[in-house]
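S.K.: Shown below is the structure under consideration.
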Amino acid sequence: MAISLAESLHLGILDILTRKVRSAVTVIGIVLGVMCIMVVLAIVNGMNKTTMEWMSQRGGLSKVEVRPNWGYDFSKGGDPSLSLREIRLIRELVPQATAFNPQVSLPEAEMQVGDSGYVCPVFGVYPDMLKVEEWKIAKGRFINEFDISNHNNVVVLGSTVAKELFSSRDPLGRYVSWGGHRFMVIGVLGERYMKNQGGGETFGENGLEYLNRRAFLPLSTVISKINPKLRISSLELQAASPEKAKEMRKQVEEIILNLKQGKALFRVDSAQEQMDMMRKNSMIFTSIFILIAVISLLVGGIVIMNIMLASVKERTREIGVRIAVGARRRDIVIQFLVQTVLITALGGVVGILLGYAILDLVGGYLKLEVVASVRMIWTALLVSIGVGLLFGIMPAVRAGRLDPIEALREE
Amino acid sequence: MAEIIATKNLIKDYNLGKVKVRALNGVDLTIEAGEFVAIMGPSGSGKSTLMHIIGCLDSPTSGEYHLDGVLVSQMAKDDLASIRNSKIGFVFQSFNLLPHLNILKNVELPLMYAGESLRERSRKAREILASVGLSDRLRHKPSELSGGQRQRVAIARAIVNNPAILLADEPTGNLDSQAGGDILEIFTRLHSQGNTVIIVTHDKAVAQRAGRIIRIMDGRIEDGHLTG
């Protein structure tokens, strides 16, 4: 003599349909809470994924980078640069580095071929640059040891530079002039493009496209022929694994501190540690938003409880009639509980759909990658059902406890 | 004839704060299957309390109550729900139909709690509604019907599960004399078809229809005599 779950659902749907506006108002808090959770989680997921991709395509998590420490007070003396001699010393001290690329960046100037010119950043590098950046050569070859030891006047162009200067012509073996010097083009680099467009460094533009606008010269050539005063301010190393990179970071940091008499002129970072830091930051960010969403769900739940209590009061007579014709206490409790849970679950579904709509807008407008997973949808749905159960039980139990005689007397 | 209702020394006390009120003070009552009985008494006489106990909406403080051969006076609430569902059909003064359900759904209600299939519910409810002349109003809401029609729906709901007794509380109290007369006709017809009908009323004209009038006063039954 029990009424089945299907029957309860049927009753619940009828109840909701008879009180559409009230049900909609009841559930607004849940809709907003679920929507918030969806949007925040999807954006954070997307950002994490984008960062991971950006890092892995720029040398991965085994990379160690040495850069000037802009937090250091340079008025105390010292200059964040390394000489070629110091670079060679570091190389000898970290033989385990699988790639080693010191780098100088030259001021932007126009690179010319005949009448056409293109302003691009130019770098002096080692052959290992390709390995460190996990870059491929598209045409010709990259700078090699021979170019370094002979201080050759050769240049390797990024794909955009080659296109701008030579359009469809073959640049190999041709000469470009830059800063009053002539360089022979020996190679063109493959195009860098981040799959699954995401923000990365810049919103709206592909996260790796800036690399295609660079040109590269042998480091030795830059220092000996272009500007002997130029010092090396950036060094990239590759370790065998992310774990080894952490050790190597410490080692390189110590070496450089010793070279610079204990002055922290440089920052040494491992990609793995940067990644950990970013993860931690995004965790904090996520937690705060989840907390806000949970508060909104709780407030939504309290609103639901209130409205359901009012609804039980208003439907006292109906409850009395149901009891008189044979409903057990349990049937009444289930009827109201199922109704509450149905409302919150529907609210959850609407929240998920709204969340998707917003993600679509945000993703499209900001060119921000968003990652909404099936797990998130289930979580959102379960959370809204949970809120329904939690805040629906009290009004439902109260309905089940009504004395039928009193209930039937109620006007 | 078989006894459908048999009570022995029914006592019902209410605690109103510190004061104890005795609403029923030893009621012995027997009703045979197929009888048409009216229970009369002024307000405060214990008439409503007796009706609630007979209808299994309430339990006596002490005493025994056998309904259709089953001792129900000490039953748990959920078991009483099942008894109400299968053995008792209620008709109230104010109809007590569910306003947002159409009349077909209203009549199906006891069958739902009895666990009948959707199809069986609909079949039985249609059949009963036809017997009270409301076949053409199945999809109407109670608010779209006249008082007399509403009470006929309530009667249909009360008898749809084929109960042992039909228990009506002032069924004509909210109706004009014409509609009230029609409703009493239905009760008379149901009685003639073998149903046990109990009407609680203070209206003599209504009580005259019954085969027996039970008068209650100060929580006791005064006398029970046939009206002829």
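The values are calculated or read from the model by the stated rules, or taken from the named source; none is laboratory data. These figures come from a predicted structure and were not determined experimentally. Using ideal geometry, Cβ is built from the backbone for each residue, glycine included, and neighbour counts are taken over all protein chains shown. In case anyone asks, the SASA skips ligands and DNA or RNA and just uses the protein heavy atoms, side chains included. Shrake-Rupley method; radii C 1.70, N 1.55, O 1.52, S 1.80 Å.
S.K.: Residues of region B:71-102 being more than 26 Å from B:P142 (Cβ to Cβ) and within 7 Å of chain A (Cβ to nearest Cβ), which ones?
M.R.: Scanning region B:71-102 gives B:K77, B:D78, B:S82.
S.K.: Could you tell me whether A:L346 is in contact with a Gly (Cβ under 9 Å, 6 or more places away or on another chain), farther than 17 Å from A:R315 by Cα, crowded, with 17+ Cβ neighbours inside 10 Å and assigned by TED's automatic domain parsing to the domain that holds A:G29? If you could, list the steps in order and put the result at the bottom.
M.R.: Working: in contact with a Gly (Cβ under 9 Å, 6 or more places away or on another chain): no; farther than 17 Å from A:R315 by Cα: yes; crowded, with 17+ Cβ neighbours inside 10 Å: yes; assigned by TED's automatic domain parsing to the domain that holds A:G29: yes.
In short, no.
S.K.: Let me ask you something else. Of the conditions (1) in a helix (DSSP H, G or I); (2) of a type in the set (A, V, I, L, M); (3) buried (at least 17 other Cβ atoms within 10 Å of the Cβ); (4) at pLDDT 85 or above, A:V268 fails just one. Which one is it?
M.R.: Only one criterion is unmet by A:V268, namely (1).
S.K.: Filter region A:122-149 down to the residues that are surrounded by fewer than 16 Cβ atoms within 10 Å (Cβ to Cβ) and touching a residue at least 60 places away in the same chain (Cβ under 8 Å), then identify the one that is nearest to A:L219 (Cα to Cα).
M.R.: A:S149
S.K.: Restricted to region B:154-207, and to residues that are charged (D, E, K, R) and within 26 Å of B:S135 (Cβ to Cβ), which residue is farthest from the chain's Cα centre (by Cα)? Working first, answer last.
M.R.: Quick first cut of region B:154-207, residues charged (D, E, K, R) only: B:157, B:169-170, B:176, B:182, B:185, B:189, B:203-204.
Among the residues that remain, those that are also within 26 Å of B:S135 (Cβ to Cβ) are: B:157, B:176, B:182, B:185, B:189.
Numbers: B:R157: 11, B:D176: 20, B:D182: 17, B:E185: 16, B:R189: 16 Å.
Top of the filtered list is B:D176.
S.K.: Among the residues of region A:105-149, how many are closer than 22 Å to A:V66 by Cα, aliphatic (A, V, I, L, M) and out of contact with any strand residue (DSSP E or B) (no Cβ under 6 Å at 6 or more places or on another chain)?
M.R.: Qualifying residue count for the region: 1.
S.K.: So, one more: Would you point out which residue out of B:L167, B:L118 is within 14 Å of chain A (Cβ to nearest Cβ) and in contact with a helix residue (DSSP H, G or I) (Cβ under 7 Å, 6 or more places away or on another chain)?
M.R.: B:L167 is the lone residue from the list that is within 14 Å of chain A (Cβ to nearest Cβ) and in contact with a helix residue (DSSP H, G or I) (Cβ under 7 Å, 6 or more places away or on another chain).
S.K.: Right, next: Can you spot a residue in region A:111-126 that is among the polar types (S, T, N, Q) and closer than 19 Å to A:W178 by Cβ?
M.R.: Yes, there is a match, as at least one residue in region A:111-126 is among the polar types (S, T, N, Q) and closer than 19 Å to A:W178 by Cβ.
S.K.: Cβ-Cβ under 7 Å, sequence separation 6+ or interchain: first residue in region A:260-285 and closer than 15 Å to A:N69 by Cβ, partner surrounded by fewer than 16 Cβ atoms within 10 Å (Cβ to Cβ) and acidic (D, E). Which pairs?
M.R.: none
S.K.: Of all the residues that make up region A:23-69, how many are more than 23 Å from A:I290 (Cα to Cα) and polar (S, T, N, Q)?
M.R.: The qualifying residues number 5.
S.K.: Looking at B:R152, B:R123, B:R137, B:R157, can you tell me which residue is away from chain A (no Cβ under 13 Å) and within 20 Å of A:L11 (Cα to Cα)?
M.R.: B:R123 is the lone residue from the list that is away from chain A (no Cβ under 13 Å) and within 20 Å of A:L11 (Cα to Cα).
S.K.: List the residue pairs whose Cβ atoms are under 6 Å apart, where the first residue sits in region B:33-61 and is more than 23 Å from A:R401 (Cβ to Cβ) and assigned to a loop (DSSP other than H, G, I, E, B), the second is open to solvent by less than 30 Å² (accessible area, probe 1.4 Å) and among the small types (G, A, S), and the two are 6 or more positions apart or on different chains.
M.R.: Hits for this filter: B:G46/B:A23; B:G46/B:G219.
S.K.: Here's another thing I want to ask about it. Of the residues A:V370, A:V362, A:V374, A:V387, which single one is modelled with pLDDT of 90 or more and either open to solvent by 30 Å² or more (accessible area, probe 1.4 Å) or in the same structural domain as A:V303 (by TED's automatic domain parsing) (or both)?
M.R.: A:V387
S.K.: Another one. When you check A:E92 against the structure, is it without any contact (Cβ under 8 Å) to a residue 40 or more places away in the chain, open to solvent by less than 40 Å² (accessible area, probe 1.4 Å) and assigned to a helix (DSSP H, G or I), yes or no?
M.R.: Details: without any contact (Cβ under 8 Å) to a residue 40 or more places away in the chain: yes; open to solvent by less than 40 Å² (accessible area, probe 1.4 Å): no; assigned to a helix (DSSP H, G or I): yes.
In short, no.
S.K.: So, one more: Please state which one of B:N25, B:N9, B:N96, B:N15 is over 18 Å from the mean Cα position of the chain (by Cα), among the polar types (S, T, N, Q) and under 21 Å from A:L408 (Cα atoms).
M.R.: Only one candidate passes the filter, namely B:N15.
S.K.: Also, I was wondering about something else. Which condition number does A:D73 fail, the rest of (1) at pLDDT below 85; (2) open to solvent by less than 50 Å² (accessible area, probe 1.4 Å) being met?
M.R.: Status for A:D73: all satisfied but (2).
S.K.: When region A:1-51 is examined, which residues are found to be small (G, A, S) and within 14 Å of chain B (Cβ to nearest Cβ)?
M.R.: Going through region A:1-51, the residues small (G, A, S) turn out to be A:2, A:4, A:6, A:8, A:12, A:23-24, A:29, A:33, A:42, A:46.
Of everything in region A:1-51, those that are small (G, A, S) and within 14 Å of chain B (Cβ to nearest Cβ) turn out to be A:A2, A:S4, A:A6, A:S8, A:G12, A:S23.
S.K.: Follow-up question, since we're still on this one. Count, please, the residues in region B:50-63 that happen to be within 9 Å of another protein chain (Cβ to nearest Cβ) and either hydroxyl-bearing (S, T, Y) or open to solvent by less than 30 Å² (accessible area, probe 1.4 Å) (or both).
M.R.: Result for region B:50-63: 3.
S.K.: Within region A:61-70, can one find any residue that is in contact with an Asp or Glu (Cβ under 6 Å, 6 or more places away or on another chain) and either within 13 Å of another protein chain (Cβ to nearest Cβ) or within 23 Å of A:I332 (Cα to Cα) (or both)?
M.R.: no
S.K.: Okay, moving on. Kindly indicate whether any position in region A:300-314 is under 23 Å from A:A24 (Cβ atoms), within 14 Å of chain B (Cβ to nearest Cβ) and among the charged types (D, E, K, R).
M.R.: The answer is yes, given that some residue of region A:300-314 is under 23 Å from A:A24 (Cβ atoms), within 14 Å of chain B (Cβ to nearest Cβ) and among the charged types (D, E, K, R).
S.K.: Here's another thing I want to ask about it. Picking from A:G46, A:G114, which residue would you name as being at positive phi and either of a type outside the set (S, T, Y) or crowded, with 19+ Cβ neighbours inside 10 Å (or both)?
M.R.: Sole residue among the options that is at positive phi and either of a type outside the set (S, T, Y) or crowded, with 19+ Cβ neighbours inside 10 Å (or both): A:G114.
S.K.: Quick one: which residue in B:N96, B:N161 is touching a residue at least 60 places away in the same chain (Cβ under 8 Å) and part of a loop (DSSP other than H, G, I, E, B)?
M.R.: On inspection, the qualifying residue turns out to be B:N161.
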